[in-house]
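The values are calculated or read from the model by the stated rules, or taken from the named source; none is laboratory data. These figures come from a predicted structure and were not determined experimentally. As a convention, Cβ positions derive from the backbone with ideal geometry for all residues, glycine included, and neighbour counts pool all protein chains shown.
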Amino acid sequence: MDRYKRYGVTYAIMKDVSCGVRVAEEQTSTGDWPNNADGDVMRRLVANGFDFSKPYDVDFQVDFEREIDGRAMHALKAQYPHARVEHIVLGPEDSPYIQVTVHSKLTYDFVIRMQDAITELVKPFGGWCDCWGVLHDPFEAERIIAPGELQNGATRH
């Protein structure tokens, strides 16, 4: 999980979902999200000031039972031509995976549908998608002014 902490920016991630309830309708408020790993991540994002009204790069991790089958990469690139599809190898002790990055507004329904669609696409090659993440800088939208600091960054004496 440490690989997702970069440059002081929080990477909200959900891993190893074995959730029971997956809803088909759009989830719009924090009270609507189910009590599962995906809903928990959405609630954490809200608590950290995530702006759901704008699009972000949302990463979906595709894992495999054995080594990555090149046909899975081809299928993902063909199915998602506007997505970034990358073969990721972090280190010798880590399992390689495929990362599919889609620029979209983040919603619970979007996450569930993408994980399901990606899993169906890569299942014939021994793959599945049950992990997603989004980079979120809670200070991006609004700069916090420290005591004694002016709006333009100058300090007050």
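Residue-level check: of (1) touching a residue at least 24 places away in the same chain (Cβ under 8 Å); (2) within 26 Å of G39 (Cα to Cα); (3) acidic (D, E), E120 misses just (1).
Can you tell me how many residues in region 72-104 are of a type in the set (S, T, N, Q) and in contact with a Leu (Cβ under 7 Å, 6 or more places away or on another chain)?
So the first thing to find is which residues in region 72-104 are of a type in the set (S, T, N, Q), and the list is 79, 95, 99, 101, 104.
Within this subset, residues satisfying the condition of being in contact with a Leu (Cβ under 7 Å, 6 or more places away or on another chain) are 79.
Total meeting the criteria: 1.
In the condition set (1) outside any helix (DSSP H, G or I); (2) within 15 Å of A75 (Cβ to Cβ), P124 is compliant with all but (1).
Scanning region 43-68 for residues that are out of contact with any Leu (no Cβ under 9 Å at 6 or more places or on another chain) and surrounded by 17 or more Cβ atoms within 10 Å (Cβ to Cβ) turns up F60, Q61, D63, F64, I68. One residue stands out in region 69-85 among those that are surrounded by 20 or more Cβ atoms within 10 Å (Cβ to Cβ) and in contact (Cβ under 8 Å) with a residue 40 or more places away in the chain: the one that is nearest to S104 (Cα to Cα), namely L76. In region 122-139 there is at least one residue that is out of contact with any helix residue (DSSP H, G or I) (no Cβ under 6 Å at 6 or more places or on another chain), loosely packed, with under 12 Cβ neighbours inside 10 Å and at pLDDT below 95. Residue-level check: of (1) under 25 Å from D32 (Cβ atoms); (2) part of a helix (DSSP H, G or I), A78 misses just (1). If you filter region 95-111 down to residues that are outside any strand (DSSP E or B) and either free of Cβ contacts under 8 Å to residues at least 60 places away in the same chain or of a type outside the set (D, E) (or both), you find that the one that is nearest to D40 (Cα to Cα) is Y108.
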